[in-house]
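Undergrad: I'd like to ask some things about the structure below.
The values are calculated or read from the model by the stated rules, or taken from the named source; none is laboratory data. Remember, predicted model here, so these are calculated numbers, not experimental data. Reconstructed Cβ throughout: ideal geometry from the backbone, glycine too, with neighbour counts over all protein chains shown. SASA here: full protein model, heavy atoms, side chains in, ligands and nucleic acids out. Shrake-Rupley method; radii C 1.70, N 1.55, O 1.52, S 1.80 Å.
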Amino acid sequence: MIALSPYSLATAAAVGFGAGYVGSLMVLRRMALVGDALSHVALPGLAVGLLLGFDPFLGAFAFVLTAAFLTWFIERSAHLAVDAIIGVLFVLALAVGVLLTPNPDLLEALFGNVSQVGLLATLATIVLATGVVLVTRLIYRSMILSVISEDLAASAGVRVELVSLVYLVLVSTVVAVGVQVVGTLLVGALVIVPAAAAKTLGTNLTPYATLSALFGVASAVGGTLLSFAWGVTAGPLVVVLGVVLFVASWGFAAAGRRRARKELA
Amino acid sequence: MGGRPVERPQEGTNLNGLRRKLMSLPSVPVLTVTDVTVRAGPLTILDHVSFRVPRGITFAIVGPNGGGKSTLLKVLLDRIAYTGRVEWDGPVRVGYVPQKLVDTDIPLSVEELLSLKCRGDYAACLSMVGLDQRILKKTIGTLSGGEIQRVLIGWATVDRPDVLLFDEPTSNVDIGSEDAILQAVKSVQVETGATVLLVTHNLHELHHYADRVLVLQRRVRFEGTVAELLSNPDRVSETFGIPPGEIPPFGIGSRR
């Protein structure tokens, strides 16, 4: 058992909340695979940071942000579907990242290591995650309208392209800060799984977004606690816990539907 | 949306005299479209389209598939690049009802959908389109196509717009729901006095609900009253793709 670090828990909670909240929109926009692919782009960024001796988080953030801008630009200007862009560009990023990352650091880059997080990184994560949540809350209404119909959103005064770009920047930020908790391979799951779990419960919008954020906290903090108890890497445990929450929510919702059908019969 | 400033009566003016003077003038158009062209690569989708929409009427836009009807609505919503001029008469609020929603599999109740636009009297809004307020608590994914269209009409009217744009509001609903939707459109117009721009494929809709009509096939092929269009079987046949012998007999007396 490793000594429990409050910095690790605070970082996990902030990342879990931010990723869950941002992810609630990503699932509704059917961009689950984009989140996953963007997370892979963080790897060459981390590698460049490690090779050149600056903070790998900054490298990851710069690469993910560039990928997000490219996605937005190609989608809007070439009218190419997002999944096609991912197929062309992002798998390449993973391959290049694996080739560039020094071998001793590869495992940590791929699966994260939240146990090593210090005070400064924790504070930076909390500030960034709070900013992401606040800005996401500001654009939530516009994003929902854009999901159901971009023209409808435009008629209500929403600047659809701008809001979409802002959202991609938020996703990039949350992916970059999430890398330290679950690593580049699994950070996509931290964004998607809590939201997918919340969606199975079939609630309305506000409880859905709140539950998504809380599920994110539960899986990130729970996975980190288990990693300290069992002395293993937190990333995979966070993801497994998220999927356990997903299955539990699904079962709970199915039981609720069965009960409702019985009452009607 | 901005546009030409509206002339307001000066203080101390004889209002009855002014009203008589105004009645004798042709009505001020709420929308003036001048020379609008839209291109997508080598294709010209709208070619120097010009027309005016008088205030308070139902103005139908008809034409074959690919004729540019939905593109014209996107121009009016300022969603695509175009050349030419689109002028609204003063600052106008525009409500828009799309053909269908891109995605309804989201945890969004009708009440939440309406609240995304503004706070208002949702129950009154829904009653105008023939829906009970119990629908407010339902999520949009559980509604029928007809119910969604009527909720969208309610959504478009909740902030009392001056102009309502409808993009083929009945194209994705069953025949039984068509009349309910069109009655909802009509009652909204009567209650709010809004100008309605109705893109349609449907001759029945045109005959029963529109006052003036624009036939669009990349260019403006015809603009005039519905009666003028319907009195020309060849043009009706060309516009709606119906053989001349199969055009239903229209009597203006049957208009609702």
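Undergrad: Here are the criteria: (1) more than 12 Å from chain A (Cβ to nearest Cβ); (2) touching a residue at least 40 places away in the same chain (Cβ under 8 Å); (3) in a loop (DSSP other than H, G, I, E, B). Tell me which single one B:V173 does not satisfy.
TA: (2)
Undergrad: Filter the range B:74-107 for residues that are acidic (D, E) and under 15 Å from B:I148 (Cα atoms) and give the result.
TA: From the range B:74-107, those acidic (D, E) are B:78, B:87, B:89, B:103, B:105; that's our starting set.
Listed by number, the residues that qualify are B:D103, B:D105.
For (1) in a helix (DSSP H, G or I); (2) of a type outside the set (S, T, N, Q); (3) within 14 Å of another protein chain (Cβ to nearest Cβ), each residue gets a yes or a no:
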| site | (1), (2), (3) |
| --- | --- |
| A:S115 | yes, no, no |
| A:L120 | yes, yes, no |
| A:L128 | yes, yes, no |
| A:L134 | yes, yes, no |
| A:L145 | yes, yes, yes |
| A:L152 | yes, yes, yes |
| A:E161 | yes, yes, yes |
| A:V166 | yes, yes, no |
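Undergrad: Please state which one of A:K262, A:K199 is in a helix (DSSP H, G or I), within 14 Å of chain B (Cβ to nearest Cβ) and open to solvent by 40 Å² or more (accessible area, probe 1.4 Å). So that I can check it myself, show each step before the final result.
TA: On the way: A:K262 fails: within 14 Å of chain B (Cβ to nearest Cβ).
Just one listed residue meets the conditions, A:K199.
Undergrad: Still on this structure, please answer the following. Name the residue, out of B:L152, B:L114, that is assigned to a helix (DSSP H, G or I), over 18 Å from the mean Cα position of the chain (by Cα), within 13 Å of chain A (Cβ to nearest Cβ) and at pLDDT below 90.
TA: Values: B:L152 fails: over 18 Å from the mean Cα position of the chain (by Cα).
Criteria check complete, one pass: B:L114.
Undergrad: Hey, another quick one. Hey, any hits in the range B:67-88 for a residue that's open to solvent by less than 30 Å² (accessible area, probe 1.4 Å), facing chain A (nearest Cβ under 8 Å) and part of a loop (DSSP other than H, G, I, E, B)?
TA: yes
Undergrad: Sort out which residues of the range A:95-123 are open to solvent by less than 90 Å² (accessible area, probe 1.4 Å) and touching a residue at least 60 places away in the same chain (Cβ under 8 Å), and write them in order of number.
TA: A:G97, A:A109, A:L110, A:F111, A:G112, A:N113, A:V114, A:S115, A:V117, A:G118, A:A121, A:T122
Undergrad: If I ask for residues that are closer than 21 Å to A:W230 by Cα and in a loop (DSSP other than H, G, I, E, B), which ones from the range A:1-40 would you list? Step through it out loud before you land on a result.
TA: Keep residues of the range A:1-40 that are closer than 21 Å to A:W230 by Cα, which gives A:1-13, A:16.
Residues satisfying the conditions are A:M1, A:I2, A:A3, A:L4, A:S5.
Undergrad: May I pose another question? Here are the criteria: (1) out of contact with any Gly (no Cβ under 6 Å at 6 or more places or on another chain); (2) buried (at least 21 other Cβ atoms within 10 Å of the Cβ); (3) more than 9 Å from every other protein chain (Cβ to nearest Cβ). Tell me which single one B:C125 does not satisfy.
TA: B:C125 satisfies all of (1) out of contact with any Gly (no Cβ under 6 Å at 6 or more places or on another chain); (2) buried (at least 21 other Cβ atoms within 10 Å of the Cβ); (3) more than 9 Å from every other protein chain (Cβ to nearest Cβ) except (1).
Undergrad: Of the residues B:R55, B:R134, which single one is more than 11 Å from every other protein chain (Cβ to nearest Cβ), without any contact (Cβ under 8 Å) to a residue 12 or more places away in the chain and charged (D, E, K, R)?
TA: Numbers: B:R55 fails: without any contact (Cβ under 8 Å) to a residue 12 or more places away in the chain.
Every option except B:R134 fails the conditions.
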